[in-house]
Amino acid sequence: MIRCLVVDDEPLALHILEDYISKMPFLELVKVTTNPIEALQIVQAGGVDLVFLDVQMPELTGIQFLRIANGKSKVILTTAYPQYALEGYELDVIDYLLKPIAFDRFFKSVQKAQAIIEPTGKPEAKAEQPQQRDLLSDFIFVKTEHKIQKVYLNDILFIEGLKDYISIFTPSERIITLQNMKKMEDALPEKYFIRVHKSYIVSINKIDSIERSRIFIGDKIIPVGDTYRDEFFKIVDGKNI
């Protein structure tokens, strides 16, 4: 169970999130509160795994809360003000829900949180692959400079890490987003994507050829790092005929 805390100075928002959480079997509501100071004490004491956090609150803003909490729990921001999205992602929030929050959007957000908070569930995720790995229709959303962009997994050729940013390469464009490689690696289905270098994730389906420790995808040459070589070639050997 993921222990949840809801912090918002609007009673209606508290009620809606409380109702949504009650519908999710893997979420346990620890407390709802309008007091961010009280919420911060609960977080710092290690009492919760996930916080639904409003941005605009009188005593302490959600952004200030995040900086003080310093990663003690995972956070999903909830607000009516989209201009705080980028700053929230820079502070490593899981997601950013705009009010009024629709249940389907909440559902996607908590599924993302579950994948991050409960990584031991990976074997079960493999069992669910036939249901969730339809590569032609599956997609992710990534935050770019001016918008949140849908990216179909089937369009991804490879991903390149650039310090705190990553570049997602598709046949038609390069998409730059504020994200780290580990989170992106965890978000992608391992059946179709593999980390081959500290700076590269490749789509297995899009590999044209392999020469020694180099992968060719179109006109791009991607190195295979020493740390990832054995796992990569184990997969390649499994495809050999």
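The values are calculated or read from the model by the stated rules, or taken from the named source; none is laboratory data. Values in this document were obtained by computation on a predicted structure and should not be read as measured data. Quick reminder, even Gly has a Cβ in these numbers, built from the backbone with ideal geometry, and neighbours come from all protein chains shown. Side chains are part of the model used for accessible areas, which takes the heavy atoms of the whole protein and leaves out ligands, DNA and RNA. Shrake-Rupley method; radii C 1.70, N 1.55, O 1.52, S 1.80 Å.
Which ones in the stretch 132-166 are surrounded by 14 or more Cβ atoms within 10 Å (Cβ to Cβ) and farther than 21 Å from SER109 by Cβ?
Residues satisfying the conditions are LEU135, ASN154, ASP155, ILE156, LEU157, PHE158, ILE159, GLU160, GLY161.
Checking the structure you have, find out if any residue of the stretch 73-84 is modelled with pLDDT of 85 or more, out of contact with any Lys or Arg (no Cβ under 6 Å at 6 or more places or on another chain), part of a loop (DSSP other than H, G, I, E, B) and under 19 Å from LYS182 (Cα atoms).
Yes, there is a match, as at least one residue in the stretch 73-84 is modelled with pLDDT of 85 or more, out of contact with any Lys or Arg (no Cβ under 6 Å at 6 or more places or on another chain), part of a loop (DSSP other than H, G, I, E, B) and under 19 Å from LYS182 (Cα atoms).
Going by the structure shown, is ASP219 of a type in the set (D, E, K, R) and closer than 24 Å to LYS112 by Cβ?
no
Report yes if SER172 is outside any helix (DSSP H, G or I) and exposed (fewer than 11 other Cβ atoms within 10 Å of the Cβ), otherwise no. It would help to see each step written out before you state the result.
On the way: outside any helix (DSSP H, G or I): yes; exposed (fewer than 11 other Cβ atoms within 10 Å of the Cβ): yes.
Spelling it out, SER172 is indeed outside any helix (DSSP H, G or I) and exposed (fewer than 11 other Cβ atoms within 10 Å of the Cβ).
Return the pair list, or none, for Cβ contacts closer than 8 Å from residues in the stretch 156-175 that are touching a residue at least 60 places away in the same chain (Cβ under 8 Å) to residues that are open to solvent by less than 40 Å² (accessible area, probe 1.4 Å) and in a loop (DSSP other than H, G, I, E, B), at least 6 apart or on different chains.
Hits for this filter: LEU157/THR170.
Identify, please: which residue in the stretch 85-114 is of a type in the set (Phe, Trp, Tyr) and surrounded by 14 or more Cβ atoms within 10 Å (Cβ to Cβ) and is, among those, modelled with the highest pLDDT?
Of everything passing the filter in the stretch 85-114, PHE106 is modelled with the highest pLDDT.
Look at the stretch 1-26 and say how many of its residues are basic (Lys, Arg) and without any contact (Cβ under 8 Å) to a residue 60 or more places away in the chain.
The total comes to 1.
Determine which single condition ASP49 fails, assuming it passes every other condition in (1) open to solvent by less than 70 Å² (accessible area, probe 1.4 Å); (2) within 15 Å of LEU97 (Cα to Cα).
The single condition ASP49 does not satisfy is (2).
Counting only residues that are within 24 Å of TYR165 (Cβ to Cβ) and of a type in the set (A, V, I, L, M), how many does the stretch 208-241 have?
Adding up the residues that qualify gives 5.
Does LEU29 satisfy the condition of being of a type in the set (A, V, I, L, M, F, W, C), free of Cβ contacts under 8 Å to residues at least 24 places away in the same chain and open to solvent by 20 Å² or more (accessible area, probe 1.4 Å)?
Criteria not met by LEU29.
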